[in-house]
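Worksheet: the structure to be examined is printed underneath.
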Amino acid sequence: MSERLFIFDTTLRDGEQVPGCQLNTIEKIQVAKQLEALGVDIIEAGFPISSPGDYNSVIEISKAVTWPTICALTRAVERDIDVAVEALRFAKHRRIHTGIGTSDSHIKYKFNATREEIIERAVAAVKYAKRFCEDVEFYAEDAGRTDNEYLARVIEAVVKAGATVCNIPDTTGYCLPDEFGAKIKYLMEHVDGLSNGKTILSTHCHNDLGMATANTLEGIINGARQVEVTINGIGERAGNTSLEEIAMILKCHKGIGIDTNINTQKIYPTSRLVSSLMNMPVQPNKAIVGRNAFAHSSGIHQDGVLKNVQTYEIMDPKDVGIDDNSILLTARSGRAALKHRLHVNGVDLDEEKLDKVYEKFLQLADQKKEVNDADVLMLAGADTADAHAVRLDFLQVTTGKGVKSVASIGLDISGQKFEAAASGNGPVDAAIKALKKIIMKQMTLKEFTIQAISKGSDDVGKVHMQVEYNGSLYYGFGANTDIVTASVEAYIDCINKFKN
Ligand code: KIV
Ligand code: ZN
């Protein structure tokens, strides 16, 4: 019989730490409910002491979700634990995730402490958390670079203090797969209290050298029974282990003898939802959920697949929720069709929000013959609130080869109308110069990317921008069939986030 692996999703904590990917509480609830439908066991909902936004999100996610355990991150600090306990008060199943750095470099440079002092602090934190919460997970930050003998002493001490799960993060993504597997094996063999299954080991791998999935798999093979993962592998720097890769590896390789509770048919809709809400594109060749993951382009492969799909496909796209027959919407499609397409993709909107998205859908369908899933998710993810201080009223640009680009722009700023015109070395430059004549602030464009959502010259262009203002970086997003308009909207999105 297969053994059970617990899936701990940290999309809303480690994943959300990615610059520009921050979600508001409503969006986080949407993701958490989708994770529940996907079948994850534990949702790490945030780091409550870090900000009022994280604190509130843990509260609201706890209220919204029923089956998964809701977990809150803390440092090995009593105040952190107090705040996490408060934030988890509505959770039906709760967990505190507390911990401290255990590698020599963390001990010396982060804590200016000794190895013995770190063990004392770890034990004290676990014991303190246990006073309020039965389920306490301990993380040994930078365990990947912590020597195994000392790590075993730390883990044994926190198991004795009552930790129910011990997390062994490869925080810097440094370990080789066999090294990481050997670390888990060493702990399984040398720590009293792990072999009876009362306390389980967890992996938490980062992808700095592209080995997060391989390391996680080695961890499972050597005895870890929980994995910490994110949707689309998002997370700090190069990201975390991706949930979809681990779930599908275990499904495709039954011989490993490990099962999860993941409903794999919900993987693709969940991936799309997270990507669109976070405005974080999925790389086209990403395993399982990338646009090209099931696309056979070479003649030899196409020929093979037409003869028998097993020649080049190791998984059925339907098993991950990719719907071959996805219906394309047009300007003649009604609200019900839009609602259905959103539902298939994991987004359920209330009537008021659906009306707003439908209005935008009709505008897009007028510009584009066929509106696909990526488009509707982009529309649903776009902020439909009209409460922003600065809004684009109109934009007109003249551009071309051998002429200077000229733009005139109209802005609505808290109900007042402003207009300006400027020339520039291209249409975007002209439009932003015109905008800056109205918004007279010292702001600098730091990053600017344009990406087509699917294909075709009538496609929607997505623009991501980073603007520096007053020493801080702001991230903005715009989407439009006209890329100059999308660029100006992304710039305005940044301005609307300025703190003063
Ligand atoms: O990567 C890491 O070590 C972490 C811990 C806080 C669990 O994210
Ligand atoms: Zn991490």
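Throughout, read-outs are computed from the coordinates displayed, never taken from laboratory work. Just so we're clear, the structure is a prediction, and the values are computed from it rather than from any experiment. Ideal geometry is used to build each Cβ from the backbone, glycine not excepted, and the neighbour counts take in all protein chains shown.
Straight-line reach from K401: which aspartates and glutamates have Cα under 16 Å away, leaving out those fewer than 8 places along the same chain?
D429
Please give the charge dipole size of region 234-296, origin at the Cα centre, charges +1 on K and R Cβ atoms and -1 on D and E Cβ atoms. Round to the nearest 20 debye.
Values: 7 positive and 4 negative charges, 33 e Å.
Here region 234-296 has a charge dipole of around 160 debye.
5 Å is the cut-off here: which amide hydrogens, built 1.01 Å from N in the peptide plane, fall below it relative to C205, excluding neighbours closer than 5 in sequence?
Amide H neighbours of C205: D170, E228, T241.
Could you tell me the convex hull volume per residue, in Å³, taken over the Cα atoms of region 100-184?
Convex hull of Cα atoms, per residue: 84 Å³.
Can you run phi through the Karplus equation (6.51, -1.76, 1.60; θ = phi - 60°) for region 74-80 and list ³J(HN,Hα) in whole Hz, with x for Gly and Pro?
Per residue, the Karplus-derived 3J(HN,Hα) values read 9, 7, 7, 9, 4, 4, 4 Hz.
Which FRET efficiency value, to the nearest 0.05, is calculated for Q265 and S423 with the Förster distance at 60 angstrom and r the Cβ-Cβ distance?
About 0.65, to the nearest 0.05.
Roughly what angle does helix 351-367 make with the longest principal axis of the chain, taking Cα atoms, 0 to 90 degrees, to the nearest 10?
Approximately 50 degrees, to the nearest ten.
Sort V85, V229 so the one with the fewest other Cβ atoms within 10 Å of its own Cβ comes first.
Lowest count first: V85, V229.
Kindly put C205, C133 in sequence by how many other C-beta atoms sit within 10 Å of each C-beta, fewest to most.
C133, C205
Treating only the Cα positions of region 199-241 as identical point scatterers, give the base-10 log of I(q)/I(0) from the Debye formula at each q in 0.18, 0.23, 0.25, 0.28 Å⁻¹.
Per q value, in the given order, log10 I(q)/I(0) is -0.45, -0.68, -0.78, -0.91.
So how far, in whole Å, is the C-alpha centre of region 427-495 from the one of region 219-298?
Between the Cα centre of region 427-495 and that of region 219-298, the gap is 31 Å.
Can you give the charge dipole size of the chain about its Cα centre, rounded to the nearest 20 debye, using +1 on the beta carbon of Lys and Arg and -1 on the beta carbon of Asp and Glu? Numbers along the way, then the final one.
Values: 56 positive and 67 negative charges, 165 e Å.
For the chain, the charge dipole is close to 800 debye.
Set the bar at 25 Å for Cα to Cα. Now go through K28/K499; K33/K339; K110/K183; K433/K462; K436/K499; K185/K318 and name every pair that lies beyond it.
From K28/K499; K33/K339; K110/K183; K433/K462; K436/K499; K185/K318, over 25 Å: K185/K318.
Distances over 39 Å make up what percent of all Cα-Cα pairs in the chain?
Here the tail beyond 39 Å accounts for 31 percent of pairs.
If amide H atoms are built 1.01 Å from N in the plane of the peptide, which residues on other chains or at least 5 residues away come under 5 Å of the amide H of R291?
It is K286, by chain and number.
Given a cut-off of under 8 Å on Cα pairs at least six residues apart, what relative contact order in percent is computed for region 388-495?
With pairs under 8 Å counted, the relative contact order is 18 percent.
Along the charge dipole of region 46-182, pointing to its positive end and built from +1/-1 on Cβ of Lys, Arg, Asp and Glu, which listed residue (V83, T171, I96) has its Cα farthest out?
Toward the positive end, the furthest listed residue is V83.
From the residues N148, A407, C133, which one has its Cα farthest along the dipole of the chain in the positive direction, the dipole being from +1 and -1 charges on Cβ of Lys/Arg and Asp/Glu about the Cα centre?
It is A407, whose Cα lies furthest towards the positive end.
Taking the Cα centre of region 388-495 as origin, sum charge times position over the Cβ atoms of Lys and Arg (+1) and Asp and Glu (-1), and report the length of that vector in debye to the nearest 20.
300 debye
Which net charge results for the neighbourhood of E244, defined as the other residues with beta-carbon distances under 15 angstrom from its beta-carbon, given Lys and Arg at +1 and Asp and Glu at -1?
Result for the neighbourhood of E244: +1.
Among the trypsin sites (Lys or Arg not before Pro) in region 419-500, which ones are in a DSSP loop with at most 14 other Cβ atoms within 10 Å of the Cβ? Mind listing them?
K441, K455, K499
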